[in-house]
Every structure is written in C-alpha cells, then in structure tokens.
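Shown next, in structure tokens, is the structure this report addresses.
The values are calculated or read from the model by the stated rules, or taken from the named source; none is laboratory data. The structure displayed is predicted, hence computed values, not measured ones. Cβ coordinates were reconstructed from backbone atoms using ideal geometry, including for glycine residues, and neighbour counts include every protein chain displayed. Accessible surface is based on the protein model in full, side chains and every heavy atom, while ligands, DNA and RNA are left aside. Shrake-Rupley method; radii C 1.70, N 1.55, O 1.52, S 1.80 Å.
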Amino acid sequence: MPKLTQVKETKRGRYALFFDGEFAFSLDEDTFAMAGLHTGDELEEWQIHDLQTKSDTRKAVDKAMDLLALRDHAAGELYQKLCRSFDPHSAAAAVAKMQELNLLDDAGFARRRAAELLRKRKSRRAILDDLHAKGVDRGAAAEAVEALFAQSEEDEEENPELANARALVERHYAAKLAQGKWQQVAAALARRGFSHSVIRQALADAETEETEA
C-alpha cells in the first residue's frame, strides 16, 4: 500500500501529500484535519482516491463562491463553468452545496436576466436563447419571459418586443430604409430573433413615419 512519507504545508494554507516520496496532491485544512493523517500512514488506493475527490470538491466549492461573488449564475451555467476546471462529480457537488446555501435561484436569475436583455432591445427568441445558453431549463426560461411580457400587458404598455424592433429600426437601420433596402433590414431583424409579425409591423410603422415626414 502507498505510504504517506511527507506532509508539507503550502504558502496557500493547504497540505501537500507525498506518497512513497512523490507528491500526489494537496488538501485543504478542513479535509486534512478530518482525515487524521500522519506521516508513515499506509492507505489503500480507494482511500487516496476518496481524499483527492474531497479535495477537488472543496476546490470546486471555493471556485463556485468566487464566481457567485462576481455575479448571479443559473445552476446550469455555474456547473458548466466549474466543469472547465473540475471533474463532473466535483462540479455537481459544488453546485449542490450552493443550492443548499440558497445561493442559487434559477427562477430569480431568469427573471432578472430576461428584464436586462429586454432593456437591451433583445427579441423574445433572443432572450430565450440566452437563458438556455446560461443553463436555465426551458420551462423556467419560458415562464420568466412570459411573466415579463404579461407584466407589460397589465401595465397597458406597448408590446415591448415591437418597441424594441422599432427602436432598432430607428437607431440602426434608418439609413438602409432611406436607400430602399427594406428586405435587408427585415433580414437583419429576423437574425436578431424578431418574429415576422413584429418585423412587418415595425417596418410598416417606419414607412408610415417616413410618409408623414
């Protein structure tokens, strides 16, 4: 069985473990204390693997905390980011820990993100696509977007998606319309995710304004 031949405290407050004279991995202080390790201990391979898994999970938890300190994340997005540096098990365990600490709220994240994107003149489809890319499940994403648009109706406001399309036409595509490039503008709006009905209405409104001017 591998023998623990040296334990060395690192500058970062971790404990580097050497088995049979070779460095294996390092443990955080809590995991090291709970393991009760001493130089000369002989460990089974599964015990070593278990220690490394616990260490990786702790690192993943610390990384998750750092990411959440920067901004909100959906659970799926956080998991995807953690998987860039950790194995799926450690990443999933870290996400579960964040949920246990009530630091993740997919529904709240989806509502806030959807409102932010709407203010940035995004279409309904673009908002949904963004939420999906951020790891929000389709049901929660759809619910957040529908609630956002329903609120606009309750407040008797203009269809926010149409308002966004109109604003984009006015601010970014007025010159093309003046050149008669209506099809190019329609295609550009379609690429941004706006529906055909919204595009038709936005262009019709632009044509009316142009005629009245």
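Before moving on, here are some points about what is shown:
- Spacing of the two label points (7 Å from each Cα toward its C-beta) at Arg112 and Gln179, in nm: 4.2 nm
- In the range 73-163, the alpha-carbon atoms span a convex hull of 90 Å³ per residue.
- Averaging the sequence gap over all C-alpha pairs within less than 8 Å and six or more residues apart, then dividing by the number of residues, gives the chain a relative contact order of 13 percent.
- Charged-residue dipole, Cβ positions (Lys, Arg, Asp, Glu), the range 11-84 about Cα centre, Debye nearest 20: 580 debye
- Cα gyration tensor, the range 123-210 - rounded (a/c under 1.5), prolate or oblate: oblate
- Tail weight of P(r) past 33 Å, computed on alpha-carbon pairs of the chain, percent: 44 percent
- Inverting the pair-averaged 1/r between distinct Cα atoms of the range 1-94 gives 14.2 Å as its Kirkwood hydrodynamic radius.
- Long-range amide H partners of Phe19 with built H, under 5 Å: Thr5, Ala24
- Protein heavy-atom accessible surface, 1.4 Å probe, per residue over the chain: 61 Å².
- Cα-based reach from Lys59 at 25 Å (exclusive), listing lysines while leaving out same-chain residues under 8 positions away: Lys3, Lys8, Lys11, Lys81, Lys97, Lys134
- √(5λ) per eigenvalue of the Cα gyration tensor, the range 49-115, largest first, Å: 23, 10, 9
- Förster radius 30 Å - calculated FRET efficiency between Thr10 and Glu45, Cβ distance, rounded to 0.05: 0.80
- Each principal axis of the Cα cloud of the range 25-72 was evaluated for its coordinate range; sorted largest first, these ranges are 44, 18, 14 Å.
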